[in-house]
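Worksheet: one structure, shown below.
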Amino acid sequence: MKRRVTRSILYVLLIAAAMFYLMPIYVLLVTSFKSFQEVNLATMWRLPSGIYVDNFAAAFEKLAPNLYNSLSLSVTATILSAILGSLNGYVLSKWKFRGSDLLFTTMLFGMFIPYQSILIPLVRFMQTIGLYGKLWGLVLVHVIYSIPITTLIFRNYYASVPTEMVEAAHIDGAGLLGIYRYVMLPLAIPSFVVVIIWQFTSIWNEFLFAVTLTSPSFWPVTVALQNLAGSQIVEWNVQMAGAFLAALPTLLIYVFLGRFFLRGLMAGALKG
Amino acid sequence: MSIRKDRLLAIILISPSVLAIAIFVYGFIAWTARAAVSAWEGLLPDYTFVGFSNFATLLRDPRFRIDMRNTAIFTCLFLGACLSIGLILAILLDQRARGEGLFRNIYLFPMAISFIVTGVVWRWLLNPATAVERLSGINLLFHQAGLDFLISKWYTHPKLGIAAIVIPATWQMSGFTMALYLAGVRSIPDELREAARVDGASELQIYRHIVLPMLKAVTLSAVIILGHISLKIFDLVMAITQEGGQGYSADVPALNMWYTTFRALRFARGSAIAIVILLTIAVLTVPYLLYTMRTEVER
């Protein structure tokens, strides 16, 4: 009897907490699926009378170019930074030289700085090389400031590969690049998955660099959404639908690849 | 290929990254520090050395004082809320409830979404309008439940506006804290708890004397991670309040830095704020990082 009471309390608490976490998503969804006619702040919490896509259509019309910017930005920067990180991690774990551990530590510090502290020089630099305002500039910035985290994940992974395997490949005549290509790369697939998911999610969600470094035609979806939300002209229901569109890619990744996401999270929690 | 050539190639392979970090992290921090002691206002840089006068001006600036106060309040409340909610949820989930995986995923999913997206939703949930006919969001829920005394001006409250931002921030990060704690709880060997049970300890005593003391390291990492987030929080505040609420009621240093630099074009002052943010975070993280990196590199 006592056990049943405590079990019930347990579930009541768990469900109450779940409701708190789902509340914003509930509002987001019911608002997004209402028709223009039934959207009203006073009935915000009510379910829609049916499934309408008016709000989504309006939001998509406004955000489509930005969703595309975000997609090309995130895909390009993710691939480049994964390749770079895997090479760095390989060298720093299997081709150590004098001072390489210290070098690694020095590089890692780049992960823990608040990006405000490099933002002004960064803007000046991008203006000088002519990439200020452009999407390629933002790609470059994401690749560079991802070096510490991607290097860290790959280095820790490669460090767990037995050195005997590298030596055996070496005796068989493979050089630095051959060992990377035929031994390390195939082994590192799980790390690539973790890094790619982590990088894609954080670059898609990033705001500070994007709002500072891009001009309106290259705005990623986070900046465009913030701008939409700040304008008095766009209705709040369209803003909500826009927020849903912007959240969808990373939400899907979380739902289907959540366990890899969590691993990146543990490694990257301190970044920027 | 000879091994010496390979060693050279290894160094060539990582040198672009090393160079990039040297310039974009260390070089740029030095550049910001230099700008912070300059007279740079407007689009053209002016590196006339003015000593620490920018910092002195900041200390006297009412807005920056509000920012510092807000950061202190925000950090305390945010840490307290995340740690306690995270720990409670982890202990609840540790009771082998049915559907544990589902609950865990629900608590953790806000982490996957951008602060800007959640900011849009929370802006409407925390709608500060208090007139009955204009109520919406959570205020509307309170009104409909007959709890009108709870109706709040949220982030526009002149004294406690910043505390309203703690709600969405906790919503976003407490699940992550739960995951940290749950991993910690699960790493405690079952034998240890079993032995205590055999000795006649109650479940409460087991948590009090065995589980909690073993979670100290987890708590420390959580404090560092959450503190790091709270000292530089920017996106969420901008998404909810645009420019920091009413009379800077929810303003924070990172937001101030951004508007001062890129809207008001006061680059020297913006750099000084950036350096202050960097230093407050360094005080928190550097000792911890030096310690963990030593163990990391030794592995």
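A short reminder: the numbers here are calculations on the coordinates, not readings from a lab. Computed from a predicted model, the values in this text were never measured in an experiment. Here the Cβ positions follow ideal geometry from the backbone for every residue, glycine too, while neighbour counts run over all protein chains shown.
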Loop-located trypsin sites (Lys or Arg not before Pro) in the range B:135-187 whose Cβ has at most 10 other Cβ within 10 Å (DSSP): B:K159
Tail beyond 29 Å, pair distance distribution of the range A:121-272 (Cα, percent): 36
Within the range A:145-179: backbone nitrogen closer than 17 Å to the B:I23 label point (7 Å, Cα to C-beta): A:145-148
Tail fraction, Cα-Cα pairs, the range B:102-192, threshold 22 Å, whole percent: 45
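Report the extension gain between B:V283 and B:A145 in nm, rounded to one decimal, defined as 0.36 nm multiplied by the number of residues separating them, less their alpha carbon distance.
Length difference between fully extended and current span is 45.2 nm.
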Cα gyration tensor shape of the range A:1-52, rounded if a/c is under 1.5, else prolate or oblate by comparing a/b with b/c: prolate
Assigned charges on the beta-carbon of Lys, Arg, Asp, Glu; the protein assembly as shown dipole about Cα centre (debye): 580
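In terms of the ratio Rg/(2.2 N^0.38 Å) built on C-alpha atoms, what value belongs to the range B:68-252?
Details: Rg = 19.2 Å, N = 185, 2.2 N^0.38 = 16.0 Å.
Ratio of Rg to 2.2 N^0.38 Å for the range B:68-252: 1.20.
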Longest to shortest principal axis, alpha-carbon extents of the range A:204-246, angstrom: 28, 19, 15
Among B:L289, A:V141, A:M184 - extreme Cα towards positive end, dipole of the protein assembly as shown, charges at beta-carbon: B:L289
Unit charges at the beta carbon, dipole of the range B:138-211: most positive-side option, B:P158, B:L182, B:G146: B:P158
Length-normalised contact order for the range A:1-52 - Cα pairs under 8 Å, 6+ apart - percent: 30
The range A:54-268 - percent relative contact order, Cα under 8 Å, separation 6 or more: 36
Assigned charges on the beta-carbon of Lys, Arg, Asp, Glu; chain B dipole about Cα centre (debye): 460
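Relative contact order of chain B, please, whole-number percent, based on alpha carbon pairs below 8 angstrom and at least 6 residues apart.
With pairs under 8 Å counted, the relative contact order is 27 percent.
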Radius ratio Rg over Rh of the range A:1-119, counting only Cα atoms, Kirkwood formula for Rh: 1.23
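Please arrange A:I120, B:I210, B:I3 by how many other C-beta atoms lie within 10 Å of their C-beta, fewest to most.
With the fewest neighbours first, A:I120, B:I210, B:I3 line up as B:I3, B:I210, A:I120.
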P(r) of the range B:190-250 over all Cα-Cα pairs, binned every 5 Å from zero, in whole percent: 4, 15, 14, 11, 9, 9, 8, 8, 8, 7, 5, 2, 0
Chain A: Cα Rg divided by the 2.2 N^0.38 Å rule of thumb: 1.26
Listed residues B:T177, B:T57, B:T241, most fluctuating in chain B (Gaussian network, C-alpha, under 10 Å): B:T57
Residues B:A264 and B:R134, FRET efficiency given R0 of 25 Å [Cβ-Cβ distance, rounded to 0.05]: 0.15
Anisotropy class of the range B:1-120 from Cα gyration tensor, a/c 1.5 cut: oblate
Added length on full extension, which subtracts the Cα-Cα distance from 0.36 nm per residue, A:Y182 to A:L13: 55.7 nm
Over the protein assembly as shown: Kirkwood hydrodynamic radius from C-alpha pairwise inverse distances, Å: 25.5
Top positive-direction residue, dipole computed over the range A:54-268 with Cβ charges, set A:T128, A:N66, A:S217: A:T128
Of B:Y107, B:Y259, B:Y181, the one that fluctuates the most in a GNM where chain B has Cα springs shorter than 10 Å: B:Y259
Helical segments meeting 27 Å axial Cα length and Kyte-Doolittle 1.0 threshold in chain A (DSSP H): A:2-32, A:135-159, A:236-268
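For A:A159 and A:D172 in one chain, what is 0.36 nm times their gap in residues minus the Cα-Cα distance, to one decimal in nm?
Fully extending the segment from A:A159 to A:D172 adds 2.6 nm.
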Cα→Cβ-extended label distance, 7 Å offset, between B:M68 and A:S217, nm: 4.5
Of the DSSP H helices in chain B, those whose Cα atoms cover at least 20 Å axially and whose Kyte score averages -0.5 or more: B:3-21, B:62-93, B:161-186, B:216-231, B:267-298
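Test of the criteria: in the range B:25-128, which trypsin sites (Lys or Arg not before Pro) are in a DSSP loop and have at most 14 other Cβ atoms within 10 angstrom of their Cβ?
Loop-located and lightly packed - B:R96, B:R98.
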About the Cα centre, charge dipole magnitude for the range A:128-272 (Lys/Arg +1, Asp/Glu -1 at Cβ), debye: 120
Shielding by other protein chains, A:12-20, mean Cβ within 10 Å: 5
